[in-house]
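The values are calculated or read from the model by the stated rules, or taken from the named source; none is laboratory data. Just so we're clear, the structure is a prediction, and the values are computed from it rather than from any experiment. Quick reminder, even Gly has a Cβ in these numbers, built from the backbone with ideal geometry, and neighbours come from all protein chains shown.
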Amino acid sequence: MTKFLDAIKILIAANIVLYVITFLVPGMETVMFERLALYFPGNEHFSYWQFVTNMFMHGGFTHLLFNMYALWAFGSPLEEMWGVNKFLVFYFVSGIGAGVIYTLVNYFQFNMIYQELTSAGVTSAEITTLLETGKYGAAALSSFSEARLVEFYRLFNTPAVGASGAIYGILVAFGISYPNAKLALIFLPVPIAAKYFIPLLIGLDLFSGVTGFSIFGGGIAHFAHIGGALIGFLLMWYWKIKKNHQPDQRHYGSD
């Protein structure tokens, strides 16, 4: 029997609709990103609902395509196993958690640079000008590399978009549930079991997030990926403990 509610199809449809509105409706791209993408707290465009809405925004067609394919490929067996409600809980908890962890990491990095700037004698007014315009004075440039100042500006002004955090939670759940399923990277076509493939993928994100070097290109929120994977793992661990502590439902009696 066809399910009345198919969570993955609805999620994919919602992502496609918002993509169409954002990029194909004239004048909507800026409005959609300012309202729904996840901005740094303190930025004038930041709102708390963005921890949810950013999951439905994407930076381009390729970004959307890869995320929706992964949602379908790895999420379908999980939805079949868990049911709609449990799958949606897992998806949104992983995605929101990814956004929170990503924001916390950015907040730490931002404050670290901010403290370094003030310690170097850069005034609050100069820092505000840098954050608002991207322009910096001689005092800042004499103590910091241009790349460091650009990073400071980027942390404050560049929003995060995409379902990748939730997808990484899905990947972890898939790897735990189907550890021996064979998967393949595009650049490594030899099939690898999920229990090896998924930790490798997360490890690459961790390496890229820490070093700033990414084999997949720039503009990737690596710590959102790691955050989604971590939340997905913790949720799977919690559900396993909860299941193990449930009382035995079998009834025993005399024949």
### Which numbered condition residue 219 misses (of (1) at pLDDT below 75; (2) surrounded by fewer than 18 Cβ atoms within 10 Å (Cβ to Cβ); (3) more than 16 Å from the chain's Cα centre (by Cα); (4) not aromatic (Phe, Trp, Tyr))
(3)
### Message
Being under 15 Å from residue 165 (Cα atoms), of a type in the set (Phe, Trp, Tyr) and either touching a residue at least 40 places away in the same chain (Cβ under 8 Å) or in a loop (DSSP other than H, G, I, E, B) (or both) is the requirement here; does residue 46 meet it?
### Response
no
### Task
Tell me, please, whether a residue that is at pLDDT 85 or above, surrounded by 13 or more Cβ atoms within 10 Å (Cβ to Cβ), within 14 Å of the chain's Cα centre (by Cα) and within 26 Å of residue 80 (Cα to Cα) can be found in the range 172-193.
yes
### Criterion violated by residue 137 - all others in (1) within 23 Å of residue 209 (Cβ to Cβ); (2) surrounded by fewer than 19 Cβ atoms within 10 Å (Cβ to Cβ); (3) among the small types (Gly, Ala, Ser) satisfied
(1)
### Task
Can you tell me which residue among 208, 164, 214 is buried (at least 16 other Cβ atoms within 10 Å of the Cβ) and at pLDDT below 85?
208
### Query
Within the group 169, 203, which residue is modelled with pLDDT of 85 or more and either of a type outside the set (Ser, Thr, Tyr) or in contact with a strand residue (DSSP E or B) (Cβ under 6 Å, 6 or more places away or on another chain) (or both)?
169
### Message
Pairs needed: first member in the range 112-125, within 14 Å of residue 138 (Cα to Cα) and among the small types (Gly, Ala, Ser); second member anywhere, at pLDDT below 90 and surrounded by fewer than 14 Cβ atoms within 10 Å (Cβ to Cβ); C-beta distance under 9 Å; at least 6 residues apart or different chains.
### Response
120/142
### Message
Among the residues of the range 233-246, are any under 18 Å from residue 104 (Cβ atoms) and either modelled with pLDDT under 85 or hydroxyl-bearing (Ser, Thr, Tyr) (or both)?
### Response
no
### Query
What about residue 122, is it in a loop (DSSP other than H, G, I, E, B) and crowded, with 18+ Cβ neighbours inside 10 Å?
yes
